[in-house]
1. Using a basic spin-label model with each label point 7 Å from the Cα along Cα→Cβ, how many nm lie between D123 and K144?
2. Would you mind getting me the FRET efficiency between K105 and K44? Use the beta-carbon distance for r and R0 = 25 Å, nearest 0.05.
3. Show that you can apply the helix-only estimate: for the chain, add -39,500 (n - 2.57) for every DSSP H stretch of four or more residues, divide by all residues, and state [θ] at 222 nm to the nearest 500.
4. Of all GluC sites (Glu not before Pro) in the stretch 1-94, which ones are in loop regions per DSSP and have a Cβ with at most 13 other Cβ atoms within 10 Å?
5. Between T72 and R132, what is the FRET efficiency for a Förster distance of 35 Å, r being their Cβ-Cβ separation, to the nearest 0.05?
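Only the coordinates and a few stated rules stand behind these numbers; no lab work does. Keep in mind that what you see is a predicted model, and the values were worked out from it rather than measured. So basically every Cβ, Gly included, is an ideal-geometry build from the backbone, and we count neighbours across all protein chains shown.
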Amino acid sequence: MRTGTGARLAVQLFIAMAFAKAEKERVDAYIMPIFAKYDFRVAKDMPGHTAGEKITNPELIYLAGLENEAVTAFYAECDAAHRAHGWRGAEGACPALVAARDQIKAENNLIKWAAPLFGVSFDTVNCSTLRREFVENLLCAAAKSL
């Protein structure tokens, strides 16, 4: 990959990936103790989950039901913790999820730039199981040229 747009987009993605990883670790450090105070359970049988099963990952909290009072209380505590740790973004937004979204945007920008070079459309790559592999290969090519 030669210098120019592609290299710039790859560098932006490297930065977004590093920030998203660091932000997730930072946020998890103060969210997990809050999560541990609760006993969230799966509200109803779903594929791969049984009603009453303990939820051990906050990313699966939606399985407890969004109208669950404990879920509402958990989210309120999380929002207060985000603010206490310097978050100035939208109320109710998670800084780690915002960083992850920004990483996806950076990936999309790189895919949109590179897809035509390989004779494929953005939609073909984006909606494919090859998305991750495509992005990884582009980043490897960029890393070798930087």
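1. Result for the modelled spin labels: 3.2 nm.
2. On the way: r = 34 Å, r/R0 = 1.36.
Using R0 = 25 Å, I get an efficiency of 0.15.
3. Only helices count here, giving -20500 deg cm²/dmol.
4. Loop-located and lightly packed - E67, E91.
5. Computed FRET efficiency for T72 and R132: 0.55.
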